[in-house]
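Everything on this sheet refers to the single structure shown next.
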Amino acid sequence: MWVARMTVTKTLDTLGRLESEAIHIFREVAGEFDRPVILFSGGKDSTLLLHLAIKAFYPAPVPFPLLHVDTGHNFDEVIEFRDRVVAQHGLRLEVAKVQDWIDDGRLEERPDGTRNPLQTVPLLDSITAHKFDAVFGGGRRDEERARAKERIFSLRTAFGQWDPKRQRPELWNLYNGRHRAGEHVRVFPLSNWTELDVWNYIEREGIELPDIYYSHEREVFLRDGMWLAEGPWGTAREGETLLRKTVRYRTVGDGSCTGAVESDAADIHAVIAEVAASRLTERGATRADDRLSEAAMEDRKREGYF
């Protein structure tokens with residue numbers, strides 16, 4: 001007598017599918033590459049990336065080190081958070097300080113004072129020095145047009161350069177990590193996430209972030225349509241007035257080119273509602289370095305930028 005068996009298939013929701021894909025990517029890289037590294041700045045995307053890596057290998061520790069290219073113009077709250085997370089999870093963090101490259105003459109300060117574009121050389125030098133062959137980044141396709149061209153496995157030349165014509169097809173979740181000596185692969189497990197997905201997942205998982213992602217009072221000045229804070233990178237110029245505003249940051253990076261947005265979103269529920277209503281990506285709304293030209297990000301990526 002045959003007995004029919006009922007098979008129950010659990011259907012993943014959107015966040016479950018994105019999480020599953022990212023964990024699969026981490027494990028694929030762990031099995032295929034010799035010396036991976038995770039780029040970690042303490043921002044929301046790299047914090048999410050680290051959270052997924054911890055999940056991917058639990059209960060074992062994360063088998064890769066972290067790397068932060070520190071411009072020296074970061075927000076204090078973010079650096080404090082970065083160091084606390086590293087200590088909490090017993091991780092190894094390599095810090096490449098842009099200031100060291102300036103001090104020994106490998107880089108020169110830019111006339112506009114921003115150091116964001118100066119991160120490329122320390123990044124590539126660190127990859128070469130540590131012989132990293134896979135570099136995890138928190139880039140997402142919804143952020144910017146050049147990033148929308150990226151594959152999840154993005155091949156870089158021996159000079160760290162990105163050539164869109166050399167990117168390989170990625171069918172059926174099959175990733176090709178083949179590379180020649182000296183080349184490496186940038187890996188983007190969050191490629192298919194949106195900003196709203198990121199915040200919904202942060203809420204679901206209870207992931208802690210630096211306080212500046214939520215509304216707070218800060219002295220800012222208006223420049224080129226963005227609210228910038230003063231810091232070691234500079235202050236208001238002639239004709240610009242420091243005002244105390246209630247703001248938050250949608251993305252964090254070099255303080256000289258990362259703007260705040262006026263916001264009363266003091267908790268994650270309010271942030272999610274605000275992001276859902278926005279028609280501008282976080283980079284488009286708050287990153288001055290992406291406004292240098294129509295192809296600013298693509299030009300930097302070709303040179304080896306994140």
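The values are calculated or read from the model by the stated rules, or taken from the named source; none is laboratory data. Computed from a predicted structure; not experimentally measured. As a convention, Cβ positions derive from the backbone with ideal geometry for all residues, glycine included, and neighbour counts pool all protein chains shown. SASA here: full protein model, heavy atoms, side chains in, ligands and nucleic acids out. Shrake-Rupley method; radii C 1.70, N 1.55, O 1.52, S 1.80 Å.
Annotations for the structure displayed:
- Residues in region 190-221 that are open to solvent by less than 10 Å² (accessible area, probe 1.4 Å), in contact with a Leu (Cβ under 7 Å, 6 or more places away or on another chain) and without any contact (Cβ under 8 Å) to a residue 60 or more places away in the chain: 2 in all.
- Residues within region 16-33 that are touching a residue at least 40 places away in the same chain (Cβ under 8 Å) and either surrounded by fewer than 16 Cβ atoms within 10 Å (Cβ to Cβ) or polar (S, T, N, Q) (or both), tallied: 1
- Selected residue (criterion: modelled with the lowest pLDDT) from residues of region 139-157 that are of a type in the set (Gly, Ala, Ser) and open to solvent by less than 20 Å² (accessible area, probe 1.4 Å): 146
- Residues in region 34-60 that are in a loop (DSSP other than H, G, I, E, B), more than 19 Å from residue 19 (Cβ to Cβ) and open to solvent by 10 Å² or more (accessible area, probe 1.4 Å): 34, 35, 41.
- Across region 94-119, the qualifying residues are those that are at pLDDT 90 or above and assigned to a helix (DSSP H, G or I), and the one among them that is surrounded by the fewest Cβ atoms within 10 Å (Cβ to Cβ) is 103.
- Filtered residue count, region 164-182, keeping only those that are open to solvent by less than 50 Å² (accessible area, probe 1.4 Å) and in contact (Cβ under 8 Å) with a residue 40 or more places away in the chain: 2
- Of everything listed in (1) modelled with pLDDT of 95 or more; (2) surrounded by 15 or more Cβ atoms within 10 Å (Cβ to Cβ), the single unmet condition for residue 90 is (2).
- Yes/no for residue 160 being among the small types (Gly, Ala, Ser), assigned to a loop (DSSP other than H, G, I, E, B) and open to solvent by 70 Å² or more (accessible area, probe 1.4 Å): no
- Restricting region 256-266 to residues that are over 16 Å from residue 78 (Cα atoms) and either out of contact with any strand residue (DSSP E or B) (no Cβ under 8 Å at 6 or more places or on another chain) or assigned to a loop (DSSP other than H, G, I, E, B) (or both), the residue that is most open to solvent (accessible area, probe 1.4 Å): 264
- When residues in region 11-33 are screened for being more than 17 Å from residue 205 (Cβ to Cβ) and either part of a helix (DSSP H, G or I) or in contact with a helix residue (DSSP H, G or I) (Cβ under 9 Å, 6 or more places away or on another chain) (or both), 8 of them pass.
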